Amino acid sequence: MTEPEMKFSDHAFTKMILHILKHLKSDCYGVLIGKVTSKDNLNNGVSSINNSSPEIIEVIDTYALSHDKVFIPQLDLFLRMTESNLAGSEYYILGFYENLISNFDKVEIKPSLSSHFMCDGLTSSKKLKRPYLLEVSHHIEDCSKDNKRIQDILEFNVFKYNSGNFENILQYRDSEENPVNKIIKALVAKHVQTEVSDFDDHLLEPKLDFTNSFVNEYVEGIKKK
């Protein structure tokens, strides 16, 4: 079976990583928004990660859900508000991303217990019967024995959820050559990650925007320079 391909817009990837960077000492959750297409229907302006697949998982946006435990009432409200934002759009909720403290520097990456009921909450969707789960994890590596340079490597595991089980369908590592990482570094230098809000924050202060649309303007501003 041919591996799928996952593609992120610069906006979606940047918002997800900034959310995780803000809460490195906590478990972090959010949703992936986009659509699944065939390789014949590629959209311009979306960065490719893997290049040999008929199935394309296009992630055009990410919304930040939580940096703590996820509860069902909170999740239901979050999904309803997210689906309302997407009404009339060709895009829909593809699944979730999560960054777990328990997966730090681990060889075997395991989805959280929360990811099961989060994905169960999406299985009633007419758009997608088998949601995706993107596990973001950190690995510490000695990249140069001579200089003893230690590097924090981001690894991504993509799972597909089906009737209570997760199937790992894709695994890849982030690259320093990924152009969007230059954007993220520039934003982190300005401490933009501290401005990012998730749904936890929105529930405490409704004026805070868990879609973090302001990040899009930052990204476009850097790309124009």
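Here are the numbers for this structure:
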quantity	calculated
For the range 153-225: accessible area per residue (Å², 1.4 Å)	56 Å²
Sequence-distant residues sharing a close amide H with residue 6 (under 5 Å, placed H)	49, 50, 57
Within-12-Å neighbourhood charge of residue 188 [Cβ basis; K, R +1; D, E -1]	+3
Extension gain (nm, one decimal) between residue 87 and residue 123, 0.36 nm per residue minus Cα-Cα	11.2 nm
Hz values of 3J(HN,Hα) by residue in the range 165-172 - Karplus curve (6.51, -1.76, 1.60), Gly and Pro given as x	10, 10, 10, 6, 9, 6, 9, 7
Residue-wise HN-Hα coupling along the range 4-18, computed from phi with Karplus coefficients 6.51, -1.76, 1.60 (Hz; x: Gly, Pro)	x, 10, 10, 10, 10, 6, 4, 4, 4, 5, 4, 5, 4, 5, 4
Pairs from 7/69; 15/185; 69/110 whose Cα-Cα separation, in the structure shown, is over 19 Å	7/69
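The values are calculated or read from the model by the stated rules, or taken from the named source; none is laboratory data. This is a predicted model, so every value here is computed, not measured. When we count neighbours, we look across all protein chains shown, and the Cβ atoms used for this are built from the backbone with ideal geometry, even at glycine. Just the protein is used for accessible areas: all its heavy atoms, side chains included, with ligands, DNA and RNA removed. Shrake-Rupley method; radii C 1.70, N 1.55, O 1.52, S 1.80 Å.
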